[in-house]
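S.K.: Handing you this structure, nothing more for now.
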Amino acid sequence: MKICKDLIRNDVPAAGQTEDSDCISFESAEDADIKILFLGNSITRHGKAENLGWHGDWGMAASAKDNDYVHKLISKFYRKGIKVSCCIANLSDWERTRDMNLLSSKYLAALRFNADYVIVRLGENACLDKYLSEFELCYGELTDLFSKSGAKIVLTDLFWEYEPFDNFVAELAKARGYAFAEIHDLGNDDEMKAVGKFSHNGVAAHPGDKGMNEIAERIYRAIK
């Protein structure tokens, strides 16, 4: 069993990554061609955390909002003449608790967004060494819930490699016909992280601009 050292060392708290009232945000385009829902954690969006030396409100630890994987992916569609409206949901509390009731309460707006594509970029906060089987069950139920509306589901494995769960996600995607983007190798490459850009080790272990762009590229290829 391979456990990435960064998955163990990452001490960015799973709780409080965004304010409860601000865990879901929307970016609308006039006459949008497609709607994309991003279900993620701090890699997708993390609010300001002065105690961590993080001053952004986007995917940790991109240098700017336009450089996180969410906005890099959106820009790829725009370059093809495709206008995108998106919903960005930080599900770190769901990752941490596996409370399915949150999907019909705290995260209901994400479910009601009726996206054409749902990007599921989750797992790093799930304490997989303790709750692997429980989280896998809840993860499968989550993907089922969002696919019922007819959305195309796109899964990724973990940025910080954890082989048992990474294999599960790949197998789930294959079994249910979901698109799949493999990214687990990126967290093993310091060039893909923000090493040296932040004093807090947990923040610095997150994908930097190069890693964010690569995540976006792989998701884009999976969608295509």
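S.K.: Could you sort R218, R176 by their accessible area in this structure, using a 1.4 Å probe and putting the largest first?
M.R.: Details: R218 45, R176 105 Å².
So, going from the largest accessible area down, we get R176, R218.
S.K.: While we're on this one: Give the lysines whose C-alpha is closer than 16 Å to that of K152, dropping any in the same chain fewer than 8 places away, or say none.
M.R.: Here the lysines satisfying the reach criterion relative to K152 are K35, K174, K224.
S.K.: Determine how large the accessible area of H184 is when every protein chain is in place; take a 1.4 Å probe and give Å² rounded to the nearest 10.
M.R.: Its heavy atoms expose roughly 40 Å² to the probe.
S.K.: Still on this structure: So what is the 222 nm mean residue ellipticity for the chain from helices alone, if each DSSP H run of at least 4 adds -39500 (n - 2.57) and you divide by all residues, rounding to the nearest 500 deg cm²/dmol?
M.R.: Working: 8 runs with 79 residues, N = 224.
The helix-only estimate for the chain comes to -10500 deg cm²/dmol at 222 nm.
S.K.: Which aspartates and glutamates, if any, have their Cα less than 12 Å from the Cα of K65, not counting same-chain residues under 8 positions apart?
M.R.: D57, D209
S.K.: What nm value, rounded to one decimal, do you get for the distance between K80 and L137 when each label is placed 7 Å out toward the C-beta?
M.R.: Result: 3.8 nm between the two label points.
S.K.: Then there is this: With a cap of 14 neighbouring Cβ atoms within 10 Å, and only residues DSSP puts in a loop, list the trypsin sites (Lys or Arg not before Pro) found in the stretch 105-135. The partial results should precede the final answer.
M.R.: Details: sites: K106, R112, R121, K130; in loops: K106, R112, R121.
Answer by residue number: R112.
S.K.: Another one. Please return the longest range in the chain lying between exposed loop sites, taking GluC sites (Glu not before Pro), DSSP loop only, at most 10 other beta-carbon atoms within 10 Å, and leaving the sites out.
M.R.: On the way: sites that count: E19, E30.
The answer is 31-224.
S.K.: Right, something else. With the cut-off at 26 Å, tell me which of the pairs K80/K106; K83/K193; K72/K193 have Cα atoms farther apart than that. All intermediate terms of the calculation are to be shown ahead of the outcome.
M.R.: On the way: K80/K106 34 Å; K83/K193 29 Å; K72/K193 16 Å.
Checking Cα-Cα distances, K80/K106; K83/K193 exceed 26 Å.
S.K.: Tell me, what is the 1.4 Å probe accessible area of L52, in Å² to the nearest 10?
M.R.: 20 Å²
S.K.: Reachable lysines from K130, Cα under 17 Å, same-chain residues fewer than 8 places away excluded?
M.R.: K2, K5
The values are calculated or read from the model by the stated rules, or taken from the named source; none is laboratory data. Keep in mind it's a predicted model, so treat the numbers as computed, not measured. Cβ coordinates were reconstructed from backbone atoms using ideal geometry, including for glycine residues, and neighbour counts include every protein chain displayed. Surface areas here come from the heavy atoms of the whole protein model, side chains and all, with no ligands, DNA or RNA. Shrake-Rupley method; radii C 1.70, N 1.55, O 1.52, S 1.80 Å.
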